[in-house]
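FYI, it's all coordinate maths here, none of it is from the lab. Everything numeric here is computed off the predicted structure, so don't read it as measured data. Using ideal geometry, Cβ is built from the backbone for each residue, glycine included, and neighbour counts are taken over all protein chains shown.
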Amino acid sequence: MNAATHTIEIRRLTKEYGATRAVDHLSFDVLPGRVTGFLGPNGAGKSTTLRLLLGLDRATSGTATIGGRRFTDLARPLHHVGALLDAQAAHGGRTGRDHLLALAVGNGLPARRVEEVMEQAGIAPAGRKRIKTYSLGMRQRLGIAAALLGDPGVLLLDEPTNGLDPEGIIWIRELMRGLAREGRTVLVSSHLMSETASFVDHLVVLGRGRLLADTPMKDFIDERSTARVRLRTSDPVRLRAALARDGLEPTEAGDGRWTVDGIRAEQIGALAAREGIPVLELSDERASLEQAYLDLTADHGEFAATR
């Protein structure tokens, strides 16, 4: 796949609704070959940015392009971009198959493609049932099937795991990873931090319409994590004495485990080996994505609880 045609470019994008600036001079790129998480508190401007990118709203200033072109300028856009913004938007009186067939015909796609994406999304058995009988998870799978119809190089997914059962969550996780490995651009907006951490490679974080972070997920977490080690030893007395000589104080964490701040696991391992102290468990503790995210966005939410 041609990387240049699948790169999302946001340049000084601004959107104002009266006196409210929903998106504020926003600039970032979303590159192919990786899954990019699109995060931010309520009111951060994520949905507005996606709508501007898809031509569903008009920017006050700035540009949002895909491969250098606006979405509205793309011929047969489903061939280039697949999007899931609202799984509830499909007409409840249609069957799932008819909904997809209408999209396929309007974009010059063969009917066989409908059968292929229904199989891929796991909804083929329900294809002839009316959408109003679908569960939330089934509607979500239908929306993902619609996004995949044109075999696009760019996927925009808003809360794709919403309503999915554990099996469905594993499926969408592996689907997104597989699409990225094929060289596609995958941008995923989500509020589920623990789930997001399991499949994204890169993060774009917004707050009050502005860019707060544009970085690999590992770097995002590492920059907001203090050095801490969790360990278990059969000789805590000797370990405490050895650490004290280096100015370190272990803290009992329960279940026979200890934590030590200000040091990495490899340093503890070397110290224990040098002193002949048995170590039964040893690992670095890192902040979770949720902890790192809340640390960054604490003052940028539309609504915030007092502490």
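Only Lys, Arg, Asp and Glu count, each charged at its Cβ (+1, +1, -1, -1), so figure out the dipole size of the chain about its Cα centre, rounded to 20 debye.
1060
With a/c under 1.5 counting as rounded, go ahead and sort the range 76-219 into rounded, prolate or oblate using the C-alpha gyration tensor (a ≥ b ≥ c being the square roots of the eigenvalues; past the cut-off, prolate if a/b is larger than b/c, else oblate).
Verdict is prolate for the range 76-219.
Enter the Cα centre distance for the pair the range 24-70 and the range 178-219, rounded to the nearest angstrom.
So the separation of the two Cα centres works out to 13 Å.
If you add up the charges near MET217, with Lys and Arg at +1 and Asp and Glu at -1, over every other residue whose beta carbon is less than 15 angstrom from its beta carbon, what do you get?
Computed value for this residue: -2.
When the Karplus curve 6.51 cos²θ - 1.76 cosθ + 1.60 is applied with θ = phi - 60°, which whole-Hz ³J(HN,Hα) does each residue of the range 219-230 get, with x for Gly and Pro?
Residue by residue, the range 219-230 yields 5, 4, 6, 4, 5, 10, 10, 8, 5, 8, 10, 10 Hz.
As a test of the formula, what do you get for the chain when each DSSP H run with n ≥ 4 contributes -39,500 (n - 2.57) and the sum is divided by the residue count, at 222 nm and rounded to the nearest 500 deg cm²/dmol?
Computed ellipticity for the chain at 222 nm equals -9500 deg cm²/dmol.
At what distance in nm do the modelled label points of ARG76 and ARG12 sit from each other, each positioned 7 Å from its Cα along Cα→Cβ?
According to this spin-label approximation, the distance is 3.6 nm.
May I ask you to list the lysines whose Cα is less than 28 Å away from that of LYS218, ignoring any residue fewer than eight positions away on the same chain?
Leaving aside lysines fewer than 8 places away in the same chain, those within reach of LYS218 are LYS46.
Using the alpha carbon gyration tensor of the chain, what are the three equivalent-ellipsoid semi-axes (square root of 5 times each eigenvalue), largest first, in whole Å?
So the three semi-axes of the chain are 44, 24, 17 Å.
Mean-square fluctuation check for the chain, GNM, Cα pairs under 10 Å: which of ALA19, ALA272, ALA111 is largest?
ALA19
Neighbour counts of other C-beta atoms within 10 Å: give me TYR134, TYR17 arranged from fewest to most.
TYR17, TYR134
Have a look at ALA64, ALA241, ALA180 and tell me which one the Gaussian network model of the chain (Cα, springs below 10 Å) gives the largest fluctuation.
Of ALA64, ALA241, ALA180, the Gaussian network model singles out ALA241 as fluctuating most.
Amide H to amide H under 5 Å from ALA253: which residues, 5+ apart in sequence or cross-chain, H placed 1.01 Å off N in plane?
Under 5 Å from the amide H of ALA253 lie the amide H atoms of TRP258, THR259, each far enough along the sequence or on another chain.
Please arrange VAL105, VAL114, VAL229 by counting, for each residue, the other beta carbons lying within 10 Å of its beta carbon, fewest first.
Going from sparsest to densest Cβ surroundings: VAL105, VAL229, VAL114.
When only Cα pairs under 8 Å and 6 or more residues apart are kept, what is the percent relative contact order across the range 228-284?
Answer for the range 228-284 is 52 percent.
In the neighborhood of GLY37, defined by Cβ-to-Cβ distances under 14 Å, what is the net charge if each Lys or Arg adds +1 and each Asp or Glu adds -1?
After counting each charged neighbour, the total is -2.
Under 15 Å Cα-Cα from LYS15, which aspartates and glutamates qualify once same-chain neighbours fewer than 8 residues away are excluded?
Leaving aside aspartates and glutamates fewer than 8 places away in the same chain, those within reach of LYS15 are ASP24, ASP57.
Quick check: from the Cα gyration tensor, does the range 153-260 come out rounded (a/c under 1.5), prolate or oblate?
Because a/c hits 1.5 or more and a/b exceeds b/c, the range 153-260 counts as prolate.
Build a GNM of the chain with springs between Cα atoms under 10 Å: which of LEU78, LEU192, LEU54 gets the top mean-square fluctuation?
Greatest mean-square fluctuation among the candidates belongs to LEU192.
Using a cut-off of 15 Å between beta-carbons, work out the net charge of the residues near LEU239 (Lys and Arg +1, Asp and Glu -1, LEU239 not included).
Local net charge: 0.
Pairwise over distinct Cα atoms, reciprocal of the mean inverse distance: report the Kirkwood radius of the range 228-284 in Å, one decimal place.
Radius from the Kirkwood sum: 10.9 Å.
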